[in-house]
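Report on one structure; see the data block that follows.
What follows is calculated from the coordinates using simple rules that are stated; it is not laboratory data. Remember, it's a predicted structure, so these values are computed and weren't measured experimentally. Ideal geometry is used to build each Cβ from the backbone, glycine not excepted, and the neighbour counts take in all protein chains shown.
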Amino acid sequence: MAATIFGGQALYPCGARGKAGLRSFDRGMPEEVNRLVTDALSDYCFITSEAADGNLRREGVPEKRKYSLLVNVMIDTLFTSLMGRGFEVGYFP
């Protein structure tokens, strides 16, 4: 967060934000404020869902800074953890 703010103020490239656009809509949570600031200042916003894309669109993040990922990091982590414990999991459309 501090590096993103410094880079934004100094006009340095601020890198990328994974899971951009994900929101809890609870500004009482410090992490929610961090998400908003980091997404606003990041040069590249990697999104994982249409909802995240819609949030960034409403917040005015230019299309040229948004990139789509074909994975959901949270779900992939869950599946990897379950498979490591011997559970069979699959991806559903």
Roughly what would the spin-label model give for ARG57 and PHE87, points 7 Å off Cα along C-beta, in nm? 3.3
Stretchable slack from GLU31 to ALA2, in nm (0.36 nm times residue separation minus alpha-carbon distance): 9.1 nm
Dipole magnitude of the chain about its Cα centre, charges +1 at Lys/Arg Cβ and -1 at Asp/Glu Cβ only, in debye to the nearest 20? 160
Determine ³J(HN,Hα), in whole Hz, for all residues of segment 34-39 in sequence, where each value follows from phi through the Karplus function 6.51 cos²θ - 1.76 cosθ + 1.60 and θ = phi - 60°; x replaces Gly and Pro. 4, 4, 4, 5, 5, 5
Near the amide H of LYS66, under 5 Å away, which other amide H atoms are found, from residues 5 or more places off or on another chain, if H is placed in the peptide plane? CYS45
Radius of gyration and maximum dimension Dmax of segment 2-84, Cα, Å: 13.7, 45
Calculated from backbone phi, Karplus (6.51, -1.76, 1.60) coupling profile of segment 21-30 in Hz, x at Gly/Pro: x, 6, 9, 9, 6, 10, 6, x, 8, x
So, in nm, how far is label ARG65 from label TYR12 when the simple model puts each one 7 Å beyond its Cα toward the Cβ? 1.8
